[in-house]
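The values are calculated or read from the model by the stated rules, or taken from the named source; none is laboratory data. All values reported here derive from a predicted model rather than from experimental measurement. Virtual Cβ from ideal backbone geometry, glycine too; neighbours counted across all protein chains shown. In case anyone asks, the SASA skips ligands and DNA or RNA and just uses the protein heavy atoms, side chains included. Shrake-Rupley method; radii C 1.70, N 1.55, O 1.52, S 1.80 Å.
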Amino acid sequence: MAMARASSSLSYPDRFYAAAAYAGFDGSASPTSGLSSKFSNDVALILYALYQQATIGPCNTPKPRAWNPVEQSKWTSWNGLGKMASTEAMRLFVKILEEEVPGWYSRTTDNNADPGVDVDVQVNHNSITQPGAENGNGIPETKAISSEYGNQLETQDKDVVSEGLGSVGAYDEWITPPISGPRPRSRYEHGAAVVQDKMYIFGGNHNGRYLSDLQVLDLRSWTWSKIEAKGTVDLLDSSSPAPLSPCAGHSLIHWENKLLSVAGHTKDPSESIQVKVFDLQTLTWSTLKTYGKAPVSRGGQSVTLVGATLVIFGGEDAKRTLLNDLHILDLETLTWDDMEATGVPPSPRSGHAAAVHAERYLLIFGGGSHATCFNDLHVLDIQSMEWSRPKQQGEVPTPRAGHAGVTIGENWFIAGGGNNTSGISETVVLNMSTLTWSVVTSVQGRVPVASEGLSLIMSSYNGEEILVAFGGYNGRYSNEVHLLKPSLKSTMQSKVIEGSLPDGTSGVHSVSNGVKDVISEPGAGQEGKIREISVDNDALTKATVI
């Protein structure tokens, strides 16, 4: 989801009306008259539906007669939005427009443009006036000046220092390593995974164009190179090749000697989640043959490796419906399982972060709907399949979506994301044993580590763990690499301070070898129940008390 779009001087609802005017909604009786020349039919229909939902409300008009297919399609698209709130429709309208035409606002405000900012903008990648230009292939690039960044864009940030790795001695500071080799195309919502001191980047979104390239960064020499796959084989039918669809919003997982690309948005989405496999030895892509009922296709979900299983939560389907369902793929039997959990799950969302603690507890943090960002924390006990919402300690992060996270021991580091207004500048860490947050560092200005859709992986350098961030979008698409050597000072902040609970909670009780935090949050659990999170050494032990 596009939560860190560079904000203009316009706030909602004025920003929506400016976007609507640019798209061709001029208040006439036929508001789709100018859409066909700018957008594909599918995009034009959803923009029409969202405009109607935002300005009129839910569809209450009768279905058109069968012999008018155009009006039927418009009615079906609008009616399919159900009772979506006007504010949700407005923000989703702007999000879709910005994905299709990232420079739209600058084109409507040429007089306010900053001539010192030069930004790559693709011409409409899916316009019906450009036949045969699927996924943007063959479409020329143009330069556009965008006032959405204005003077806030800084070419050099004082908190992101470029220096050789040999001189890196400071902890908890983002730096830019010396990179060589052909850099990948700038992007966000890509997949990233690390295998033996190499960071692999697959796919992503650049100016609304989905990508399908596989790039690798050697984390010792800091050299980029592109992997040319030898071929793509469909395991469902090994006799015929299967083209690899460009995608974004997917998850890239390292499993054995393979990379698994799970789910993601494509221009021609399938009905169910697809799992693509890249063999690191044969350099070939294939489609994984799975059994059982696969979940509906989606992007912006979280995919977490727990033992030999993938745990998939949430995301946004091809119809832009937000999800909060839970599924498990057993990588040994290749069987899908639709999991039913007790307790109150997180609300439907995409762009959240997920992590596993003690090979038993799935943590979900943040994410958002089309109009709202969250900073709630949910825990799923994978053994008992029960959701709980524990109390967060320390400096609880602000709401965000599109952030990225990685774990080092019991510490969960989270960077980037956006909040509908700007990128998030703080890099934070959660001690998963005590559920205590602290701020690692903060950057100033519009830099890639304060953007949405970036990736974050953990590797090592001179025997110490380092965080490596790549890409993102915060008004411009990035292909920059940044690294941070954490001091892990959060391990010294694991003690929960008694008496820090707000009114309405039940208090803090000491237990042997740990701390028990008993909480009761309105709406967080079933009525009459109090949820407990016990911290016992390195593992969470959860119970429900009537």
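Of note:
- Packing here is the average count of other Cβ atoms within 10 Å per residue, and on that basis the peptides 393-400, 355-362, highest first, run 393-400, 355-362.
- 3J(HN,Hα) from dihedral phi, region 285-301, Karplus parametrisation 6.51/-1.76/1.60, rounded to Hz, x for glycine, proline: 8, 8, 9, 6, 8, 10, 10, x, 8, 6, x, 5, 4, 6, x, x, 7
- Long-range amide H partners of His352 with built H, under 5 Å: Gly368, Gly402
- For Ser297, distant residues with modelled amide H under 5 Å away: Ser272, Ile273
- Rounded percent of accessible protein surface that carbon and sulfur make up, region 333-474, 1.4 Å probe: 47 percent
- Binned Cα-Cα distances of region 13-106, short to long, each 10 Å bin given as a whole percent: 17, 53, 27, 4, 0
- Remark: the Ser11-Asp330 segment gains 110.3 nm on full extension, using 0.36 nm per residue and subtracting the alpha carbon distance.
- Entry comment: accessible area of region 13-106 is 45 Å² per residue, from protein heavy atoms only and a probe of 1.4 Å.
- Region 13-106, relative contact order in percent, only Cα pairs under 8 angstrom and at least six apart counted: 33 percent
- Surface share of carbon and sulfur [accessible, 1.4 angstrom probe, percent] for region 13-106: 54 percent
- Our note on the geometry: Cα centres of region 358-373 and region 382-404, 6 Å apart.
- Ordering 323-334, 245-256 by mean Cβ neighbour count within 10 Å, with the highest value first, yields 245-256, 323-334.
- From most to least packed by mean Cβ count within 10 Å, the peptides 170-181, 430-441 give 430-441, 170-181.
- Computed on the Cα atoms alone, the convex hull of region 377-431 gives a volume of 101 cubic angstrom per residue.
- Contact order for region 289-341, expressed relative to its length and based on alpha carbon pairs under 8 Å spaced 6+ residues apart, stands at 35 percent.
- Theoretical gain in end-to-end length, Gln281 to Ile408 [0.36 nm per residue, Cα-Cα removed]: 42.9 nm
- Residue order for Glu386, Glu340 - accessible surface, 1.4 angstrom probe, largest first: Glu340, Glu386
- Gyration tensor over alpha-carbon atoms, region 45-93, equivalent ellipsoid semi-axes in Å: 20, 10, 7
- If R0 is taken as 45 Å, the Cβ-Cβ distance between Val439 and Asn68 corresponds to a FRET efficiency of 0.20.
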